[in-house]
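Let me begin by presenting the structure, written as structure tokens, before commenting on it.
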Number of protein chains: 2
Amino acid sequence: MTTFVVVGGDAAGMSAASKAKRDDPELEVVVFEKGEWVSYGACGLPYYVKGEIQSLDELVSVTPEEFREERDIDLRTGHEVVSIDPDERTVTAENEGGEIVQPYDHLLIATGAAATVPPIEGTDLEGVYTLGSMTDGRDLREFVGRSRSEGTFAQPDSGPACRFLEDCTAPVGIVGGGYVGIEMAEALAENDFEVHLFQRGEHVLAPFGEATSETIAGHLRDRDVALYLESEVETVAGDDRVETVVTADEEVPVGMVLLGTGVRPRTALAEEAGVELGPTGAIATDEYRETSVPDVYAAGDCAEAEHVVTGEPAYVPLALTANRHGRAIGRTVAGEPTEGGPIAGTAAVKAFEMEAARTGLVGDEEASEAGFEPVTETIEARSRAGYYPEGGTVIVTLTADRPSGRLLGASLASEYGEGAVHRSHAVVAALYEGATIADLEGYDLAYAPPFNTTWDPVLTAAKVMGGSL
Amino acid sequence: MTTFVVVGGDAAGMSAASKAKRDDPELEVVVFEKGEWVSYGACGLPYYVKGEIQSLDELVSVTPEEFREERDIDLRTGHEVVSIDPDERTVTAENEGGEIVQPYDHLLIATGAAATVPPIEGTDLEGVYTLGSMTDGRDLREFVGRSRSEGTFAQPDSGPACRFLEDCTAPVGIVGGGYVGIEMAEALAENDFEVHLFQRGEHVLAPFGEATSETIAGHLRDRDVALYLESEVETVAGDDRVETVVTADEEVPVGMVLLGTGVRPRTALAEEAGVELGPTGAIATDEYRETSVPDVYAAGDCAEAEHVVTGEPAYVPLALTANRHGRAIGRTVAGEPTEGGPIAGTAAVKAFEMEAARTGLVGDEEASEAGFEPVTETIEARSRAGYYPEGGTVIVTLTADRPSGRLLGASLASEYGEGAVHRSHAVVAALYEGATIADLEGYDLAYAPPFNTTWDPVLTAAKVMGGSL
């Protein structure tokens, strides 16, 4: 019997396990997961903390029982893999009962990523959180619930954004203006916390480019989020419990701090087994997601992937890639070699009543670094026909390569529901096909007054860019 | 001086005139428009009739004065071109003051399309309308307003959908279940008319394929529209004023009838000048939109275009193509030969609280006729993450060519606002690039819980189709 062992039971791991078993029912599939949760939608955690989702169980797409009973996968939660021996083709896992040595024919390392903790003082204080796991989500939700019901850190001074308890401020600090920082700003502000968001660089959502970033920043301010840009946090301070966030210029009183400074791939287990890392620091793989060690695959938030525009390795840990690459590995292991496919670094975010997406290389800096000679143009357009009674504005930034006219990337922002994210789909497709700006401009995109102007904003952007090339 | 003469002052004509003048200010640009309106958004007429737009002027994107004064275009409204003499390179136009003979160097025929009137008895009765022009829109709006304020055809029998006048029914008949029929069903029902919609064939919105058609039909019924499918209207009857719609099986009392049975290209002027028509009955052109007569171009609703999937001439009279081809002709005339580009037959429609889009070849029948060996698959998927508090369903139909795996077309439907139309953008791009189903499945489309499931419905459809190929 052939055995496929998977380390890590989230998107990449469970996609691979499920697909391999479905395509080859004779295969023995063993999954080790050190925690209790598998196959969960971590992307939903901010909405759980916000209170829009009532139970962590709702984030689980397939339960451990279903994997075991319906999919016939030997799923072992509470088992931490502590070493891999590629020569013997075994992994060693520990659980409460002791140690197991499990042989494998194919191995997938899907150890994911960990929320980073910046190297500053005070991050071990009570009241300092990250949002990287279901447990983190539970802790944050408890914090929100406790604060709302008991007014844990109610203070006599009434701040402008404090609405949920009379005569109090409930200030919280968020360190980092990426997806997690922005989504948690919404989750906390909508629960009537006074949110202070600290961003080291000049821009929140920096990978979305300047126009989108500034649009979202303006909207955050409109929603009473206090934004501190170019404000590196030096320490978080307090006795036992966090009390202030300290930057070079400010000392802001807070009752809680969320660290949203990104993630790093969990690579220790792979490295110890002699698996090579790539230039991004994540695990390097070939197009089949096989690592430098034969029959050892890596996918999901611990691994690199090839960028569709640059052809170079990139580290963009997101759910769809984890799913897709896991699924490809499952097929490969089941006997049909399947490439995982490149990524475009596409991402989407909702921020209060706005939405944004980005894909490819956005802005001259990113494109120049990749060796292109870039042009970047930003346009604003109506989201629906000008005469249509509803609608808003879509801001589209396109980046292209001047000599070739090739489309390199895009960023879009609009009011939530006005379609920035779904409109970005056209650009993603164009990037995968190596399309030029002229190609994009020529697409016969759907039009009717309730959905766009005759030229969808994406086409208008291409038209304007065409004039700049 | 070089003179560019344009016949017809709507989308194609005014786009060409504006672009030519902008790119070559030395050019003399003369536009003849027989009516009073130019450059108007006919697509907005149903929303004007519905009452969501308050003035016809709002549908005008650029006024005659702006064309004349700001864009320096010699725009002559109220001038009907009655003949073209390609040997002499002149057109003859009539207006109230008499006849003008205007020489041209380049000529654009942009005469548009006329709403068809089916060859049945009674279409000349009072109370029978079409919706092809601004004047039609004004007439219909007046009818709605008059009926609402005066109860013009109030009857003692109270029907279930009659809400706007006490103790009355206000039944109206719509002949044809295409865009105009569906949009007008919404416009009239939302004004509390009892709407009876007659469709000759089995499906409303037939070009959208079966799944979308049936979804929309179900929604129309939910909104109390009485649907008569496979019901060819034999006559509309009445003394002076229309009183009934008669089919083989039914005689339905109505106070008004809207004919929404499509449009036919206005080609008489071109034909008389010796310009060749294509296989669709519209004006044939090459890739620069030049007709069989040198220096005579045709674009917009009177002309064919090449279909991006089949490579064959197609007649799909829609606004974006008219704009785009007009613009290309303007550039060509100004000295930079520019292809108009193919079309994908993309269309979008809102129907009450649903939306739908279609592109390419949808369904086995259309694809077989074009010489492919088609497979069609339909999936239903959540529009947002399953655990996200809002959201609905997106229905995606894909058609592909079995031997090559090539994507041929798609149709999508969802609740209004759940993104069927904007999501179709990805498919349009894929069609233009000749992508396969595997290519489509590999696109890194934007994902976050408020916008889709990890695999956007479009990707899920591609994944399912991949299993059928």
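What relative contact order, as a whole-number percentage, does chain A give when Cα pairs under 8 Å and 6 or more residues apart are counted?
14
Which distances, in nm and shortest first, link the residue A:251 label point to the same label point in every other copy, taking 7 Å along Cα→Cβ?
Label-point distances to the other copies, shortest first: 9.3 nm.
Give the average, rounded to an integer, of partner chain Cβ atoms located within 10 angstrom of each Cβ in A:317-327.
4
Given a 1.4 angstrom probe, I'd like the percentage of the accessible area of the protein assembly as shown that is carbon and sulfur, rounded to a whole number.
Summing carbon and sulfur atoms, their accessible area is 43 percent of the total for the protein assembly as shown.
Which residues of the stretch B:438-454 bury at least 20 Å² of accessible area once all protein chains are present, versus their chain alone (1.4 Å probe)?
So the qualifying set is B:441, B:442, B:443, B:444, B:445, B:446, B:447, B:448, B:449, B:450, B:451, B:454.
If you plug each phi of the stretch B:377-386 into the Karplus form 6.51 cos²θ - 1.76 cosθ + 1.60 with θ = phi - 60°, what whole-Hz ³J(HN,Hα) values come out, in order, with x for Gly and Pro?
Couplings: 10, 10, 10, 10, 9, 5, 7, 9, 3, x Hz.
Per-residue HN-Hα couplings for the stretch B:190-198, Karplus 6.51 cos²θ - 1.76 cosθ + 1.60 at θ = phi - 60°, whole Hz, x for Gly and Pro?
Per-residue couplings from phi come out as 5, 9, 6, 7, 8, 9, 10, 10, 10 Hz.
Hey, can you grab everything whose amide H is under 5 Å from the amide H of residue A:82? Only 5+ residues off in sequence or another chain; H modelled, so Pro and N-termini drop out.
A:92, A:93, A:94
Quick one, what does Rg over Rh come out to for the protein assembly as shown if you take C-alpha atoms and the Kirkwood Rh?
1.02
Which whole number gives the average, over all residues in B:414-422, of C-beta atoms from other chains lying within 10 Å of the residue C-beta?
Per-residue shielding by partner chains comes out at 5.
Checking an interface number: how much accessible area is buried between A and B, summed over both chains, with a 1.4 Å probe, in Å² rounded to 100?
When A and B are taken together, about 5200 Å² of accessible area is lost.
Based on the Cβ-Cβ distance from residue B:288 to residue A:241, what FRET efficiency comes out when R0 is 60 Å, to the nearest 0.05?
0.25
Can you tell me the accessible area per residue over the protein assembly as shown, all protein chains present, probe 1.4 angstrom, in square angstrom?
Accessible area per residue: 38 Å².
In µm²/s, what is D for the stretch B:288-329 at 10 °C and 1.306 mPa s, where D = kT/(6 pi eta Rh) by Stokes-Einstein and Rh is the Kirkwood radius from Cα pairs?
150
Determine the shielding of peptide B:55-67 by partner chains: average, over its residues, the number of Cβ atoms on other chains within 10 angstrom of each Cβ.
1
Treating the stretch B:353-466 as a set of equal point scatterers at the Cα positions, no solvent, please give the Debye-formula log₁₀ I(q)/I(0) at q = 0.10, 0.16, 0.20 Å⁻¹.
Ignoring solvent entirely, the Cα scatterers give -0.26, -0.65, -0.97.
Ratio to report: Rg/Rh of the stretch A:320-416, with Cα atoms as the point set and Rh obtained by the Kirkwood method; give two decimals.
Answer for the stretch A:320-416: 1.13.
List the distances, in nm to one decimal, from the label point of residue A:25 to the label points of the same position in every other copy, shortest first, placing each label point 7 Å from Cα along the Cα-to-Cβ direction.
Once sorted, the set of distances for residue A:25 reads 7.7 nm.
Work the Kirkwood hydrodynamic radius out for the stretch B:404-469: mean of 1/r over every pair of different alpha-carbon atoms, inverted, in Å.
So the Kirkwood estimate lands at 12.2 Å.
Just read off the accessible area of residue A:210 with the full protein assembly in place, 1.4 Å probe, to the nearest 10 Å².
Surface accessible to solvent at residue A:210 totals approximately 120 Å².
Considering only chain B, what is the antiparallel percent among its DSSP beta bridges, to the nearest 5?
Among the beta bridges of chain B, antiparallel pairing accounts for roughly 60 percent.
With N set to the number of residues, divide the alpha-carbon radius of gyration of the stretch A:222-361 by 2.2 N^0.38 Å and report two decimals.
Scaled against compact globular proteins, the figure is 1.38.
If amide H atoms are built 1.01 Å from N in the plane of the peptide, which residues on other chains or at least 5 residues away come under 5 Å of the amide H of residue B:197?
Residues meeting the amide H criterion: B:174, B:226, B:227, B:228.
Say R0 is 56 Å: what FRET efficiency, to the nearest 0.05, do residue A:126 and residue A:365 get from their beta-carbon distance?
Efficiency, rounded to the nearest 0.05: 0.90.
Provide Rg over Rh for chain B; use the alpha carbon set for both Rg and the Kirkwood Rh (inverse mean inverse pair distance).
0.99
What residues have an amide H closer than 5 Å to that of residue B:303, excluding those fewer than 5 places away on the same chain, when H is modeled at 1.01 Å from N in the peptide plane?
B:283
Could you work out the equivalent-ellipsoid semi-axes for the stretch B:1-125, taking the square root of 5 times each eigenvalue of the Cα gyration tensor, largest first, in whole Å?
Here the semi-axes work out to 28, 21, 12 Å.
Based on DSSP H runs of at least 4 residues, each adding -39500 (n - 2.57), what is the mean residue ellipticity at 222 nm of chain B after dividing by all its residues, to the nearest 500 deg cm²/dmol?
Helices in chain B give a 222 nm mean residue ellipticity of -7500 deg cm²/dmol.
So what is log10(I(q)/I(0)) for the stretch A:18-91 at q = 0.13 1/Å, when the Debye sum runs over its Cα atoms only?
-0.52
Explain nothing, just compute: Karplus ³J(HN,Hα) = 6.51 cos²θ - 1.76 cosθ + 1.60, θ = phi - 60°, for every residue of the stretch A:71-80 in order, whole Hz, x for Gly and Pro.
9, 6, 9, 7, 8, 10, 6, x, 10, 9
Within the stretch A:87-112, which residues have the backbone N less than 20 Å from the label spot 7 Å out from residue A:138 along Cα→beta-carbon, could you tell me?
Residues passing the 20 Å test: A:95-97.
Inter-copy label distances at residue B:36, 7 Å along the Cα→beta-carbon direction, one decimal in nm, shortest first?
Copy-to-copy label distances at residue B:36, shortest first: 7.5 nm.
The values are calculated or read from the model by the stated rules, or taken from the named source; none is laboratory data. None of the values given here were measured: they were computed from a predicted structure. When we count neighbours, we look across all protein chains shown, and the Cβ atoms used for this are built from the backbone with ideal geometry, even at glycine. Accessible surface is based on the protein model in full, side chains and every heavy atom, while ligands, DNA and RNA are left aside. Shrake-Rupley method; radii C 1.70, N 1.55, O 1.52, S 1.80 Å.
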